[in-house]
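Below is one structure, written out as structure tokens; comments come after it.
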Amino acid sequence: MENYPALVPLIILIPAIGAFINIFWGFRLTERAVAIVGTTASALAFVVALLLFSYLGNSGYQAAVVNPALLDGWIRIPGSGVEIPWQMRVDTLSVTMMLFVTGVGTLIHLYSYGYMHGDPKFYRFFAYLNMFLAFMLILITGNNFLMLFVGWEGVGLCSWLLIGFWWEKPNGVGWKNSNAARKAFIVNRIGDFGMLMGIFLTFWTFATLDFYRPGELANPNAGHHGEASADHGEEALVVGEEGAAGEHGEVVSEAEAPTDEHAEAAVVVDEHGEPVDDHGVAAVVYTDNEHIPYEGLGVFGKAQRLLALPQNDPARLIAFGPFSADIVVMLGLITFFFLIGATGKSAQIPLFIWLPDAMAGPTPVSALIHAATMVTAGIYLMVRSNVFFAAADVTSFLVTIVGVLTALVAGFIALGQWDIKRVLAYSTVSQLGFMVAAVGIGAYGAAMFHLVTHAFFKALLFLGSGSVIHGVEHGHHLAHEHHGHGHDAEAHASAAKTDVGGHAHAEEEFDPQDMRNMGGLGQRMPITYITYLIGTLALAGIWPFAGFWSKDEILADSWLSGIVDNNVAGFIALAGLLLAAAFTAFYMWRQVEMVFHGRPRTDAAAHAPESHWSMTVPLIVLGVLSVVAGFMNLPGNAGIPTLGLDRILGLHNFGTFLQFSVYNLHSAEFQPLIALLALGLALGAIFLARSIYGLNRAVTADRRDPLEVNPAFRQGWRLSNARLYWDDVYSRLFEQPFNRASVFLSDTLDWAFWHDYVHDTIIYKGFNSIARLLAEPVDQGIIDWTVNGVGRLVRWVSSGLRQTQTGYVRTYAVSLLFGVILVLIILLWPWIQRTLAAGS
């Protein structure tokens, strides 16, 4: 089992192979074969994650660092000391992410088999899903920021491919889909600027990007519970010098045993206290990082070492040419830029606008990328960087404000949406705000706990919405005596349909995602209804569903942060998140009433069938997880709400598991008053939504919302329905000026000026003018005249000389006589001159 970490490269390689097979040979395979390849790849990755989890459980949660053989020395600059390895880390935080990413991903792959049936690009869809998983797992398993960034950009690319998957749809639908994909890509690139700046500053500050180096302990305080424990079933226990349990950290060889007699160490012994090595000598592992020199630490260890120095110590200063800054200032800058990156990837204010439009992709994409995986990358980044954020008070306060505002704004906007998936999209943004706010107050364990439970019930809700859309679409076909097999709604409004045999059917405009076209689906689609109801109650935070426990822990941490730590951010988080929780319960029950309760409002809803088993089975599994997942981290002092499971399952299991990777992790005890207040607000919001939308009052006769009709709430509802004009403001401030500038640069500057004037007028016409000048006056006038003149001169001279050639001997004799006389004169000319001169 100690060799299990060596399997971690397979968790990336297997989905990558699945994507490779389907992208190059998928068009030759049947849909069933394509689905088997894609789903099996995801399932095998999940199996690898389970094996790695088993390794952690049986090795005392000791982390492992793996260097894949073929990628050793990924980036290395000889002589500079720069070395960034392609290094993979197996620890409790990364394995947590691996488990739910691959687990939920496998269920979504299975669901996609039924949902995407009949799509001409079926094979490509599964290839993209596998490729996305591979990049997400690179992001998760990387042991340095640069490897994380490779996965970070990879999931952005796959998100673009999947959001715009139906870019070819007619009647303008394809343009909307491709625009949504571009919007997501561009907005994320803005966040990526912050991410890159943070990485650059991290490297400048610490001269490395590694999270931890092999042999370094992420949290030396983890596992010290006062006594040795055999809870993990290991034969040898790690115990301290005085019997206290030592750090279940990195595996350290005997060659790395401490030589200093004062070095703190732990001895590995069996249950009888005997040495466990082959030589009868106690093996030694470290219980802290003090023996490691500064240069041998990763970025977080270096940060802790610098932070521990006295404030006036010059070693804390980071030089920038003639300037220098304290390590706290540097960490503030780094975390600020990381926050910008997280606002893009995890859809926070002000960069959250891309995620609602991303619903243009097929529903499985929404469930996988925009509920369970990609959007959690920003939360993972901040939790992984908890050492940085815990030391950056100003940034942490800003993180809290961003998270609370996002939770409130997105929750309010969700109140007035008609599109079933758009409601869930804004709900996702709001719940991500809960997690970000938790990070801001230092509740890293609560943030991760809610991230995991949210992955289950939000994936359930997205897949449930896809089942509803699928059913309504089929019902619409049945109502019009068309028995085709449709896909996602945004691709089908005003578009041609195809059945299983690929035959096209002309169809009138109908939006199967509009909740006004639904109603009464609880009786038509009972499995979808029950599972959707479970997801709704979990999201609303109703006891005993998973969301109750995870959301309550964030609220409890907020309360304790304010009361115990006197942190004003804790009170802000508590007040804002309580209101956001009430919004959540209200808009989700509004959705349940509109979709499942009452009478069907269209023939499509009246004829909607239950979905195929390949779609309902994942719903059932996720429904079960949405109920039981909360019990993996039961709080202390909970009493009756735990149903006695705390004595069976234990307390704070998830937090205890994570503390071996997260240095600043703590688990809040149950706060009955806060829990009752949150539960009361949620139940009150549900009853309020029931009183407004229940009993067939969900939509008025003129297809309006009851709150829109009510004068007291009309303006508020219209603001919500208009999404607070957020997109309109961005359109006015950024998009339209950018488009006008683009038109100016493209049409005026590039085409009219550069192409037409510079190229055509200056270059082309100037070239022609110079060419004509050289051809006519210069070439023909001067060069030709000169050359031709020489020819004429030669011809004139030769014609004159030709006259001397008469053919008579007497003429030649006379000529010869004159020639001899001329030669004699030339020869005698000097003598003649002297004679004439002497005579004179």
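The values are calculated or read from the model by the stated rules, or taken from the named source; none is laboratory data. This is a predicted model, so every value here is computed, not measured. Glycine gets a Cβ as well: all are built from the backbone with ideal geometry, and neighbour counts include every protein chain shown. Note: areas computed on protein heavy atoms with side chains; ligands, DNA, RNA excluded. Shrake-Rupley method; radii C 1.70, N 1.55, O 1.52, S 1.80 Å.
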Would you say residue 113 is buried (at least 24 other Cβ atoms within 10 Å of the Cβ) and more than 16 Å from the chain's Cα centre (by Cα)?
no
Grab the helices (runs of 4 or more DSSP H) fully contained in the range 703-758, keeping just those with 3 or more residues being among the polar types (S, T, N, Q).
714-721, 736-743
Can residue 77 be described as among the hydrophobic types (A, V, I, L, M, F, W, C) and over 25 Å from the mean Cα position of the chain (by Cα)?
yes
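For the range 68-101, name all the residues that are part of a helix (DSSP H, G or I) and either over 23 Å from residue 10 (Cβ atoms) or among the aliphatic types (A, V, I, L, M) (or both). Lay out the reasoning, then the answer.
Within the range 68-101, the first condition is being part of a helix (DSSP H, G or I), and the residues that meet it are 69-71, 92-101.
Correct list: 69, 70, 71, 93, 95, 97, 98, 99, 101.
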What are the residue pairs meeting all of these: first residue in the range 284-310, first residue touching a residue at least 12 places away in the same chain (Cβ under 8 Å), second residue assigned to a strand (DSSP E or B), Cβ atoms under 6 Å, and 6 or more apart or on different chains?
284/265; 285/266; 287/266; 298/210
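One line per residue, one yes/no per condition, for (1) over 22 Å from residue 668 (Cα atoms); (2) surrounded by 24 or more Cβ atoms within 10 Å (Cβ to Cβ); (3) in contact (Cβ under 8 Å) with a residue 24 or more places away in the chain:
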residue	(1), (2), (3)
357	yes, no, yes
404	no, yes, yes
409	yes, no, yes
425	yes, yes, yes
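If you scan the range 47-67, which residues turn out to be in a loop (DSSP other than H, G, I, E, B) and either open to solvent by less than 50 Å² (accessible area, probe 1.4 Å) or over 26 Å from residue 288 (Cβ atoms) (or both)? Even if it seems obvious, please write down each step before you answer.
Step one: of the range 47-67, the residues in a loop (DSSP other than H, G, I, E, B) are 59-63, 67.
Within the range 47-67, 59, 60, 61, 62, 63 meet the criteria.
Just wondering, is there one or more residues in the range 340-361 that are among the β-branched types (Val, Ile, Thr), at pLDDT 90 or above and not in a helix (DSSP H, G or I)?
Step one: filter the range 340-361 for residues among the β-branched types (Val, Ile, Thr), giving 340, 343, 349, 353.
From what is left, the residues that are at pLDDT 90 or above are 340, 343, 349, 353.
If we keep only those that are not in a helix (DSSP H, G or I) too, we end up with 349, 353.
For the range 340-361, residues among the β-branched types (Val, Ile, Thr), at pLDDT 90 or above and not in a helix (DSSP H, G or I): present.
Just a yes or no: is a residue in the range 163-175 in a helix (DSSP H, G or I), closer than 21 Å to residue 344 by Cβ, touching a residue at least 24 places away in the same chain (Cβ under 8 Å) and open to solvent by 30 Å² or more (accessible area, probe 1.4 Å)? Explain how you work it out, then say what you get.
Step one: filter the range 163-175 for residues in a helix (DSSP H, G or I), giving 163, 173-175.
Of the ones still in play, those that are also closer than 21 Å to residue 344 by Cβ are 163.
Pick out the ones that are also touching a residue at least 24 places away in the same chain (Cβ under 8 Å) and you get 163.
Within this subset, residues satisfying the condition of being open to solvent by 30 Å² or more (accessible area, probe 1.4 Å) are none.
No; the residues of the range 163-175 include none that is in a helix (DSSP H, G or I), closer than 21 Å to residue 344 by Cβ, touching a residue at least 24 places away in the same chain (Cβ under 8 Å) and open to solvent by 30 Å² or more (accessible area, probe 1.4 Å).
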For the condition among the hydrophobic types (A, V, I, L, M, F, W, C), surrounded by fewer than 22 Cβ atoms within 10 Å (Cβ to Cβ) and under 24 Å from residue 211 (Cβ atoms), what is the one hit in 29, 70, 44?
70
Scan 395, 400, 376 and give me the residue that is in contact (Cβ under 8 Å) with a residue 12 or more places away in the chain, of a type in the set (S, T, N, Q) and over 30 Å from residue 325 (Cα atoms).
376
I'd like the full set of residues that are open to solvent by 60 Å² or more (accessible area, probe 1.4 Å) and touching a residue at least 60 places away in the same chain (Cβ under 8 Å), limited to the range 705-722.
718, 719
Within the range 591-604, can you find the residues that are farther than 10 Å from residue 522 by Cα and among the small types (Gly, Ala, Ser)?
604
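In this structure, does residue 389 turn out to be farther than 20 Å from residue 705 by Cβ, surrounded by 24 or more Cβ atoms within 10 Å (Cβ to Cβ) and out of contact with any strand residue (DSSP E or B) (no Cβ under 7 Å at 6 or more places or on another chain)? It would help to see each step written out before you state the result.
Values: farther than 20 Å from residue 705 by Cβ: yes; surrounded by 24 or more Cβ atoms within 10 Å (Cβ to Cβ): yes; out of contact with any strand residue (DSSP E or B) (no Cβ under 7 Å at 6 or more places or on another chain): yes.
It is true that residue 389 is farther than 20 Å from residue 705 by Cβ, surrounded by 24 or more Cβ atoms within 10 Å (Cβ to Cβ) and out of contact with any strand residue (DSSP E or B) (no Cβ under 7 Å at 6 or more places or on another chain).
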